[in-house]
Amino acid sequence: MHIRPTLAVISGQPASGKTTLARALAQHLGCRAILRDEIKQGMVMNHPGHDPDGDDPLNLPALEAFFATIAVLVRAGTTVVAEAAFQDRLWRPGLEPLTEFADLRVIRCTTPTPTIARRITDRVQSDSHRAAHGDRALLADMEAGTYDPDRFVPISLRAPSLLVDTSDGYAPGMAEIRRFVLGPGREAAS
Ligand SMILES: Nc1ncnc2c1ncn2[C@@H]1O[C@H](COP(=O)(O)OP(=O)(O)OP(=O)(O)O)[C@@H](O)[C@H]1O
Ligand SMILES: [Mg+2]
């Protein structure tokens, strides 16, 4: 018997815990995680003097490589965890065609804004790679009081979706996230 693969999409606003959850979930399932920011970072290294702020010319090629990679895997029948901010306008056009090959499961990471501000402050101080992701601009917004969490518009696709609180570990926990991603048929098969 062959069942369709799952495309588990991890989305959420900056510092909501997407990358951490994508890695943990992929490891838990034993499958591949494709991370948009890793693909982008791999491009940034080959563009000396790259300026992460403003209209970043690497965003579009990174996006294309991200979706192309996912497409190869799901067309081959492989379940995959895909992680990106997944704002509606940018991502829906990339995700929609993949639903021909995979069952989509959308996970939205969430945590209160003060927690997000603390996480971003911490990593700007400790991790120079983050400069590539516009953290400083985000912090400036937060300090100026102009950061609006509602400007993050989550993807609206007709797919089951699960809200995961990442404030301290995961609520619901990994076992329930796994059930949500795999569904009863695949749980038995894995
Ligand atoms: N489940 C969690 N429980 C507690 N702290 C967490 C959790 N997930 C993430 N964090 C903290 O939040 C920080 C940011 O997490 P992560 O890098 O996964 O967020 P992100 O959504 O991928 O951010 P970005 O969109 O900016 O890439 C981590 O460095 C960690 O300190
Ligand atoms: Mg991330």
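One residue stands out among those in segment 123-160 that are surrounded by 12 or more Cβ atoms within 10 Å (Cβ to Cβ) and among the charged types (D, E, K, R): the one that is modelled with the lowest pLDDT, which is Arg130. Tell me yes or no: at least one residue of segment 70-86 is more than 15 Å from ligand 2 (Cβ to nearest atom), closer than 28 Å to Asp51 by Cβ and either crowded, with 16+ Cβ neighbours inside 10 Å or at pLDDT 95 or above (or both). Checked against the condition, which is being more than 15 Å from ligand 2 (Cβ to nearest atom), closer than 28 Å to Asp51 by Cβ and either crowded, with 16+ Cβ neighbours inside 10 Å or at pLDDT 95 or above (or both), segment 70-86 yields at least one hit. Residue count for segment 1-26, restricted to those that are part of a loop (DSSP other than H, G, I, E, B), closer than 17 Å to Val80 by Cβ and within 8 Å of ligand 1 (Cβ to nearest atom): 0.
Output the residue which, of all residues in segment 100-116 that are more than 16 Å from ligand 2 (Cβ to nearest atom) and under 16 Å from Thr166 (Cα atoms), is surrounded by the most Cβ atoms within 10 Å (Cβ to Cβ).
Looking at the filtered set, the residue picked out is Val106.
Taking the condition of a type in the set (A, V, I, L, M, F, W, C), surrounded by 15 or more Cβ atoms within 10 Å (Cβ to Cβ) and either farther than 24 Å from Ile177 by Cβ or free of Cβ contacts under 8 Å to residues at least 40 places away in the same chain (or both), does Val44 pass? For Val44, the condition - of a type in the set (A, V, I, L, M, F, W, C), surrounded by 15 or more Cβ atoms within 10 Å (Cβ to Cβ) and either farther than 24 Å from Ile177 by Cβ or free of Cβ contacts under 8 Å to residues at least 40 places away in the same chain (or both) - is met. Restricting Ala62, Ala22 to those that are under 19 Å from Pro172 (Cβ atoms) and either within 15 Å of the chain's Cα centre (by Cα) or within 11 Å of ligand 2 (Cβ to nearest atom) (or both) reduces the list to Ala22.
Put simply, of Phe86, Phe67 the only residue that is on the phi > 0 side of the Ramachandran plot and either among the acidic types (Asp, Glu) or under 14 Å from the mean Cα position of the chain (by Cα) (or both) is Phe86.
The values are calculated or read from the model by the stated rules, or taken from the named source; none is laboratory data. Because the structure is a prediction, the values reported are computed rather than measured. Neighbour counts are summed over all protein chains in view; Cβ atoms, including those assigned to glycine, are modelled from backbone coordinates with ideal geometry.
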